[in-house]
Amino acid sequence: MRAAPALKSAVERIETRRLALQLARDQLRSRQQRNRLGQFATPGALARETLQYAHELLGSRQVRFLDPAIGTGAFYAALLREWPMAAIDAATGFEIDRHYGEPCRSLWRGTPLRLRLEDFTAAAAPAHPAQRFNLLICNPPYVRHHHLQAADKVRLQQRSVIATGVRLNGLAGLYAHFVTVAHPWMSEDAIAGWLIPGEFMDVNYGRELKDYLLHSVTLLRIHRFDPTEVQFSDALVSSAMVWLRNQKPGRAHQIEFTYGGSLSRPRTRGLVPASRLEAAAKWTGFPKDRGMARAAAATLGDYFHVKRGIATGANAFFIMTSEQAVRRGIPQQCLRPILPGPRQLQCDEILADAAGDPLLTRSLWLLDCRLPEDRIRRDYPLFWQSLEAARAGVGQRYLCSRRAPWYSQEAREPTHFLCTYMARRRGDGVQRFIFNRSSAIAANTYLMLYPREALAAFIGDDPARARRVWQALKSIDTQALIAGGRVYGGGMYKLEPRELMRIPARSIAALLRT
Ligand SMILES: C[S@@+](CC[C@H](N)C(=O)[O-])C[C@H]1O[C@@H](n2cnc3c(N)ncnc32)[C@H](O)[C@@H]1O
């Protein structure tokens, strides 16, 4: 039974006001301020879908609702639309910031909401089981660990241990602590839906949260939103909705993984045994884990040694156009060709002139000078002046100050094969593989793939063979690249060198068999 019609239209009116109010309150805050307290509201449609799904899980039980980070009440509004008032025994919300809490309070006056303008993580959980909640829905603040005060981190860790026995990693964000600290607020058999960044599924510091989900409660479902259809246009995170029941998991328990589309109509779904999750370092490959299934086979690391491109320490100083190099009086022997960043690189194959320099519309050069200072002062006074001007600033930066001389670079060989370090989804692909036929090296916006012995022997000096290797790299399954790396909101895909080396390499293996 849903809410009665008259009440329903009252709720609709309040919800219209709430949405306007949310917008107005957001606009009064800078993005930085909102970041600090993780203030990114749940879109109304998603909140509604969330509560509809919660209703399916909770069934016909009376509701005791808790939102530990209520904002203006997106989920509470959806609760009132979904359940009749008579079915709501209690509803409590926490909000730390009066900027959202005060209008929330006046908006929902006359409804069952008990709003507590407090820090949820500092509040004492109900001592009596009857006061606990059987429906906990929350979009907790996405505050990253480096924005948490050291003392707060220690306090949160202690509270998590007391609440669940789990000590969260020091790098865990505030949202992870919300999940664990909320544990004693749930009644036996309660349902919880947490809208949190999906990163915890892949990163090392998510391990303890995954342990909690696998052992302290029954993990029911994880829905990952497709980052290209991000739910929060203004928060750069990829979100997942984690559903659990406050009950110890049964044996042979399976978890539903869904991806893309919406909560009620996901694009893909699959059941994954808990034992499989236990063994998997990363969960974002589920349910589609074709890439993982092949992980036992050869990987790119068997054929390539992968390194990030060089970190110059100050690209604006060390990387320049030919004209800038001339103006600064830098001799050719102190310059090496370097590729422009992926966004400026229009083509995926880089041709070279007879000297090996890349044929690009805009050539860039890297200052990499090993000449001693007295020689530069004597022979290249203009260049000397520019170094002197930068010595106290650029020269003192961490990386530069550790080099000798500070205006030299790490010795690095060029390679035929490059891969973008971060990429946006384009059509069917994510990362771009670049075929570099020049002697240019690359900065750390690329990964550089150096063929190991067997592959280097296969290529020899034959550009046609190198091209076939490039084509084999380009044929790697996009899903395998996505599953092996990390995904950020707004559809940003990142691959660390070690992650790229773990990607299955069937196409390269097949090439070597020819
Ligand atoms: C991601 S927003 C979600 C707001 C709302 N529930 C929604 O879904 O639209 C998180 C909210 O938690 C509040 N918040 C941040 N830290 C908090 C804390 N320690 N205790 C209670 N609320 C907190 C923020 O001010 C913000 O309003």
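Give the number of residues within segment 126-157 that are farther than 30 Å from ALA87 by Cβ and surrounded by 13 or more Cβ atoms within 10 Å (Cβ to Cβ).
Within segment 126-157, the subset farther than 30 Å from ALA87 by Cβ is 142-157.
Then drop every residue that is not surrounded by 13 or more Cβ atoms within 10 Å (Cβ to Cβ), which leaves 142-145, 147-148, 152-153, 155-157.
Total meeting the criteria: 11.
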query: From the list ALA86, ALA45, ALA69, which residue is touching a strand residue (DSSP E or B) at 6+ places or on another chain (Cβ under 7 Å) and not polar (S, T, N, Q)?
result: ALA69
- line: Per the filter on segment 387-414, residues surrounded by fewer than 20 Cβ atoms within 10 Å (Cβ to Cβ) and in contact with a strand residue (DSSP E or B) (Cβ under 6 Å, 6 or more places away or on another chain) are GLU410, ARG412
message: Looking for something without any contact (Cβ under 8 Å) to a residue 40 or more places away in the chain, within 22 Å of GLN324 (Cα to Cα) and not aliphatic (A, V, I, L, M) - is there at least one such residue anywhere in segment 396-405?
response: yes
task: Report, by residue number, each residue of segment 29-81 that is of a type in the set (Asp, Glu) and either within 9 Å of the ligand (Cβ to nearest atom) or crowded, with 22+ Cβ neighbours inside 10 Å (or both).
output: ASP67
field: Unmet requirement for LEU171, which otherwise passes all of (1) more than 12 Å from the ligand (Cβ to nearest atom); (2) surrounded by 23 or more Cβ atoms within 10 Å (Cβ to Cβ); (3) in a loop (DSSP other than H, G, I, E, B)
entry: (2)
Matching residues in segment 455-476 - criterion: being within 26 Å of ILE310 (Cβ to Cβ) and either in contact (Cβ under 8 Å) with a residue 40 or more places away in the chain or touching a strand residue (DSSP E or B) at 6+ places or on another chain (Cβ under 9 Å) (or both): LEU455, ALA456, ILE459, ALA466, ARG467, VAL469, TRP470, LEU473, LYS474, ILE476
message: Pairs please, first residue from segment 90-105 and in contact (Cβ under 8 Å) with a residue 40 or more places away in the chain and farther than 15 Å from LEU21 by Cβ, second anywhere and within 11 Å of the ligand (Cβ to nearest atom) and not basic (Lys, Arg), Cβ atoms under 6 Å, 6+ apart in sequence or on different chains.
response: ILE96/ASP119
query: Counting only residues that are part of a loop (DSSP other than H, G, I, E, B) and within 14 Å of the ligand (Cβ to nearest atom), which one in segment 107-122 is surrounded by the most Cβ atoms within 10 Å (Cβ to Cβ)?
result: TRP108
Segment 123-154, subset free of Cβ contacts under 8 Å to residues at least 12 places away in the same chain and within 26 Å of HIS99 (Cα to Cα), residue nearest to the ligand (Cβ to nearest atom): ASP152
field: Given (1) more than 9 Å from the ligand (Cβ to nearest atom); (2) in a helix (DSSP H, G or I), number of the condition HIS99 does not satisfy
entry: (1)
- prompt: Of the residues ARG308, ARG336, ARG328, which is out of contact with any Gly (no Cβ under 7 Å at 6 or more places or on another chain), within 23 Å of MET422 (Cβ to Cβ) and of a type in the set (D, E, K, R)?
  reply: ARG308
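Which of the helices (runs of 4 or more DSSP H) contained wholly in segment 285-386 include at least 2 residues that are modelled with pLDDT under 95 and crowded, with 18+ Cβ neighbours inside 10 Å?
Values: elements: 290-293, 300-303, 315-318, 322-327, 373-379.
The helices (runs of 4 or more DSSP H) meeting that bar are 290-293, 300-303.
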- request: Kindly provide the set of residues from segment 158-167 that are out of contact with any Lys or Arg (no Cβ under 9 Å at 6 or more places or on another chain) and either surrounded by 14 or more Cβ atoms within 10 Å (Cβ to Cβ) or touching a residue at least 40 places away in the same chain (Cβ under 8 Å) (or both), ordered by number.
  value: ARG159, ALA163, THR164, GLY165, VAL166, ARG167
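The values are calculated or read from the model by the stated rules, or taken from the named source; none is laboratory data. Everything numeric in this text was worked out from a predicted model, so none of it was measured. Cβ sites come from the backbone with ideal geometry, for glycine too, and all protein chains shown count toward neighbours.
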